[in-house]
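Chemist: Below is the structure I would like to discuss, written out as structure tokens.
The values are calculated or read from the model by the stated rules, or taken from the named source; none is laboratory data. Note that the coordinates shown come from a computational prediction; the quantities given were computed from them, not determined experimentally. Heads up, the Cβs are rebuilt from the backbone with ideal geometry, glycines too, and the neighbour counts pull from every protein chain shown. In case anyone asks, the SASA skips ligands and DNA or RNA and just uses the protein heavy atoms, side chains included. Shrake-Rupley method; radii C 1.70, N 1.55, O 1.52, S 1.80 Å.
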Amino acid sequence: MNLLNLQGNITLSILIPLAVSFAVTALVTNALIPYLKRIGNLQPIYDEAPDEHKRKQGTPTMGGLAILCGIAAGTAASIFTGGSAGVKLVILCITLLFGAIGFLDDFTKITKRRNLGLRARQKLLLQILIGLLFAVWFVFGSGGSTWIVVPFAWQAVNIGYWMIPYIVFIVVAMANAVNLTDGLDGLASGVSAIISLFFPVLISIVFALTLAKNGELLIDRISMDFSGALFFAAMAGSCLGFLLFNRYPARIFMGDTGSLALGGGFAAAAITCHAELFLPIMGLIFVLEALSVIIQVGSYKLRHGKRVFKMAPLHHHFELSGWPEKKVVLVFTTVTLALCAASVVVCVWMTFGGNSTV
């Protein structure tokens, strides 16, 4: 779908799902907190966590249920504002399925009163299966393509059927990266809200400007679809609505129900817009959090118990280095805001100030 032919006003198309998801998430979260406390659905804290986290013992978790309700409501509202309803429903299904994995994990933790839920292999296999289903749909069923758009260069690379494992990797990696980031009050929800707010801007403004200047984006190679941008708007509203209750000191945690759903939704929505390679740029914090765990585990095994960080994921390293929790969250969200803004600015400059390569 050509962005220039998108029906309706783009700004309104973004604001409607954002507002609906914000309102629904805020209302559901507010109702969930006393209910979860009443049924004893409380967050267990693992023994190795920094001492400051011991105060969080007993905070309601599985707030991701409210996030999923908000995203679903925002997506439903976006169906009337433009884009492909089918594409948005597929992205929503992927988000809900990842949320279901997280729910099973959270439910296991709560019922068994431990910090470990499903086994790592179980979660990974389920994630790969969902990612594979999405990849097959995208390549064969959506009219997607096997072309990858290179950020800032506006060039495309055809990787053929390698697109399937490529998509599976992105979906699984993003889901787990967001999950690892969810360790401080307002961190995952704050970073996710910023990225979700900027992605519709990136897609609707930058790509639209590129189309306006060059006629078509990657002529005869890429068919742009605005649907993913509207889904990001629903995610942004939901994250902001949840952040009202999740900011420091958090009254509720999203749990794996929320973090896995957000990561899976990010990946699926970005892939449908051919903008998935912007995720590691704008979501650098997610990448660093995941890398810190990989490096820490690798170092511990290969260097006979030696560690690179005081604790992984990365946010715990800064905590143990003396940073207050609020400072870590502020710095990480500020870095995300700067990277998102820079991505949009650079793309606009390359479209109008630099030499176009399309």
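Chemist: Considering every residue within region 145-161, establish whether at least one is out of contact with any Cys (no Cβ under 6 Å at 6 or more places or on another chain), part of a helix (DSSP H, G or I) and either β-branched (Val, Ile, Thr) or open to solvent by less than 20 Å² (accessible area, probe 1.4 Å) (or both). Spell out the reasoning first.
Modeler: Just the residues of region 145-161 that are out of contact with any Cys (no Cβ under 6 Å at 6 or more places or on another chain), to begin with: 145-161.
Add one more test, that the residue is part of a helix (DSSP H, G or I), and what stays is 160-161.
With either β-branched (Val, Ile, Thr) or open to solvent by less than 20 Å² (accessible area, probe 1.4 Å) (or both) added as a condition, the list becomes none.
No, there is no match, as no residue in region 145-161 is out of contact with any Cys (no Cβ under 6 Å at 6 or more places or on another chain), part of a helix (DSSP H, G or I) and either β-branched (Val, Ile, Thr) or open to solvent by less than 20 Å² (accessible area, probe 1.4 Å) (or both).
Chemist: Can you pull out the residues in region 315-324 that are open to solvent by 50 Å² or more (accessible area, probe 1.4 Å) and either modelled with pLDDT of 95 or more or at negative phi (or both)? Show your work before the answer.
Modeler: Going through region 315-324, the residues open to solvent by 50 Å² or more (accessible area, probe 1.4 Å) turn out to be 318, 320-324.
PHE318, LEU320, SER321, TRP323, PRO324 - these are the residues of region 315-324 that are open to solvent by 50 Å² or more (accessible area, probe 1.4 Å) and either modelled with pLDDT of 95 or more or at negative phi (or both).
Chemist: Related question: Give region 125-144 a look and list any residue that's aromatic (Phe, Trp, Tyr) and open to solvent by 20 Å² or more (accessible area, probe 1.4 Å), or say none. It would help to see each step written out before you state the result.
Modeler: Pass one, region 125-144, residues aromatic (Phe, Trp, Tyr): 134, 137-138, 140.
Passing the criteria: TRP137, PHE140.
Chemist: Can you name the condition, by its number, that LYS327 falls short on among (1) at pLDDT 95 or above; (2) open to solvent by less than 20 Å² (accessible area, probe 1.4 Å); (3) closer than 18 Å to ALA250 by Cβ?
Modeler: LYS327 satisfies all of (1) at pLDDT 95 or above; (2) open to solvent by less than 20 Å² (accessible area, probe 1.4 Å); (3) closer than 18 Å to ALA250 by Cβ except (2).
Chemist: Follow-up. Scanning region 123-144 for residues that are outside any loop (DSSP other than H, G, I, E, B) and among the small types (Gly, Ala, Ser), which turns out farthest from GLY102 (Cα to Cα)? Let's see the steps before the verdict.
Modeler: First, the residues of region 123-144 that are outside any loop (DSSP other than H, G, I, E, B): 123-141.
Retained after the next criterion (residues that are among the small types (Gly, Ala, Ser)): 131, 135, 141.
Working: GLY131: 15, ALA135: 21, GLY141: 27 Å.
By that ranking, first place goes to GLY141.
Chemist: Mind listing whichever residues of region 181-203 are buried (at least 22 other Cβ atoms within 10 Å of the Cβ), more than 12 Å from the chain's Cα centre (by Cα) and assigned to a helix (DSSP H, G or I)?
Modeler: Answer for region 181-203, where residues must be buried (at least 22 other Cβ atoms within 10 Å of the Cβ), more than 12 Å from the chain's Cα centre (by Cα) and assigned to a helix (DSSP H, G or I): LEU187, PRO200, LEU202, ILE203.
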